[in-house]
Amino acid sequence: MVGLTRWSPFDDFFTFQREVDRLFNKYWNDLPTRTADSSPGSFHVTTTDDGWRIDVPLPGVDPKDVALEAAGNTLAIRVLDPEASGKEPVTRFEQSLTVPQFLDLEKVSAMHKHGMLQLMLPLKDSVKPRRIDITNAAENTRQLTAV
């Protein structure tokens, strides 16, 4: 009776579970990773001296199908489907951005070029740094001379 081991159904179950976990991990690790830049609706914000520039990729979208709406401190970007049947166009894509208070939504400008929507949000005049001239006090005073 040498070398006899007792069979346990739990050992077989846990061995099966380890094999399934190994297969799933191998499958998910072999998939290509998806970056945030490649996901639809992602945008890139760049700060400048005059404000913010927001780049929103909209490949294959006609600029006339894009609607921009500013309300309060929210900027909404909507891509409408012009071929939708019905009286009102159907929204194909929508993204809302909450804009900080120091940016001026009244002066926002937009440009569409090569599938990229570029939004320029300038700083409010009240928060822009302004240059203050310093006068020389010595030039404004009269010098007394002794006679």
*Meets criteria (among the hydrophobic types (A, V, I, L, M, F, W, C) and touching a residue at least 12 places away in the same chain (Cβ under 8 Å)) for ALA137*: no
_Taking the condition of being basic (Lys, Arg) and part of a helix (DSSP H, G or I), how many residues in the range 103-127 meet it?_
1
*Kindly check whether there is at least one residue in the range 95-109 that is in contact with a Ser or Thr (Cβ under 6 Å, 6 or more places away or on another chain) and of a type in the set (Lys, Arg).*
no
_Return the residues of the range 103-123 that are surrounded by 15 or more Cβ atoms within 10 Å (Cβ to Cβ) and free of Cβ contacts under 8 Å to residues at least 40 places away in the same chain; say none if nothing qualifies._
LEU105
*Search the range 30-75 for residues being of a type in the set (Ser, Thr, Tyr), part of a loop (DSSP other than H, G, I, E, B) and at pLDDT below 85, and hand back the single one that is farthest from ASP104 (Cα to Cα).*
THR33
*asked:* Just to be sure I understand the filter: pairs with C-beta atoms under 9 Å, separated by 6 or more residues or on different chains, first member in the range 39-62 and exposed (fewer than 11 other Cβ atoms within 10 Å of the Cβ), second member part of a loop (DSSP other than H, G, I, E, B) and modelled with pLDDT of 90 or more. Which pairs pass?
replied: none
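The values are calculated or read from the model by the stated rules, or taken from the named source; none is laboratory data. Note that the structure is predicted; figures quoted are calculated from it, not measured. Cβ atoms come from the backbone with ideal geometry, glycine included; neighbour counts cover every protein chain shown.
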